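Contents: one structure, followed by commentary.
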Amino acid sequence: TTLARNIKSIISTAEITQAANAQVAATVLTGEVDLAIVDVDFDAEGGIATLRAAKEQEPPVPTIALTANAVYREQAANAGADETLANPPPFAELQVVLVRALGKPLAVRPISIPSADG
């Protein structure tokens, strides 16, 4: 709840969906999600599975892993986490990481410009 409030104070238009566990997260995780923030400390195995599932979406969902554990941090990075933060994350760091994660393009595609001929 505190994390959700902090996210809303950083990005007031954020639509936040919270999942109580990895099984619930699996049901709401789609390519339509802009960003997944995963508390790895709460359930390390489920958190790592959620990070992997986010990367299997089309397009892959950007992820932030929250953990106070160095071993979990390494596992999260290996699972594809785009960012890792301390748990709980300091507000200023959360702000920087959110903006950075949401500012990265998922893909760069060439634009086809019609010729003047038609």
Can you tell me which of LEU102, LEU94, LEU29 moves the most in a GNM of the chain? Springs connect C-alpha atoms under 10 Å apart. LEU102
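Sum up the charges of everything whose Cβ sits under 14 Å from the Cβ of ALA81, counting Lys and Arg as +1 and Asp and Glu as -1, but leave ALA81 out. Walk me through the numbers on the way to the answer.
Working: positive: ARG52, LYS55, ARG73, ARG100, LYS104; negative: ASP39, ASP41, GLU56, GLU74, ASP82, GLU83.
Overall, the nearby charge balance is -1.
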List THR2, THR84, THR50, ordered by accessible area with a 1.4 Å probe, largest first: THR2, THR84, THR50
Ignoring ligands, DNA and RNA, how do THR67, THR30, THR17 rank by accessible area with a 1.4 Å probe, largest first? THR17, THR30, THR67
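Keeping every protein chain in place, order VAL38, VAL96, VAL24 by accessible area at 1.4 Å, biggest value first, i.e. largest first.
On the way: VAL38 15, VAL96 85, VAL24 60 Å².
My answer, sorted largest first, is VAL96, VAL24, VAL38.
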If amide H atoms are modeled at 1.01 Å from N in the peptide plane, then the residues at a separation of 5 or more from ILE37, or on another chain, having amide H under 5 Å from its own are ILE64
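Could you please state how large a percent of the accessible area of the stretch 1-83 is carbon and sulfur, counting protein chains only and using a 1.4 Å probe?
Numbers: 2320 of 4850 Å².
About 48 percent, which is the carbon plus sulfur part of the accessible surface.
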Put +1 on the Cβ of every Lys and Arg and -1 on every Asp and Glu Cβ in the chain; which of TYR72, PRO110, PRO90 then has its Cα farthest towards the positive end of the dipole? PRO90
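Net charge within 15 Å of PRO62 by Cβ-Cβ distance, Lys/Arg positive one each and Asp/Glu negative one each, not counting PRO62 itself?
Working: positive: ARG52, LYS55, ARG100, LYS104; negative: GLU32, ASP34, GLU56, GLU58, ASP82, GLU83.
Local net charge: -2.
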C-alpha long axis of helix 44-56 to longest principal axis of the chain, angle in °: 0 degrees
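Rolling a 1.4 Å sphere over the protein heavy atoms, what is the accessible area per residue of the chain, to the nearest Å²? If you can, show how the numbers build up before the last one.
Working: 7660 Å² over 118 residues.
For the chain, the per-residue accessible area is 65 Å².
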For ASP43, tell me the accessible area in Å² from a 1.4 Å probe, rounded to the nearest 10. 60 Å²
Contour excess over end-to-end distance, with Cα ends at ARG100 and THR1 and 0.36 nm allotted per residue: 33.4 nm
Rotationally averaged projected area of the chain (alpha carbon convex hull; nm²): 9.1 nm²
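The values are calculated or read from the model by the stated rules, or taken from the named source; none is laboratory data. As the structure is a computational prediction, the values presented were derived from the model and not from experiment. Please note: Cβ atoms are built from the backbone with ideal geometry, for glycine as well, and neighbour counts cover all protein chains shown. With ligands, DNA and RNA removed, areas are computed over all heavy atoms of the protein, side chains included. Shrake-Rupley method; radii C 1.70, N 1.55, O 1.52, S 1.80 Å.
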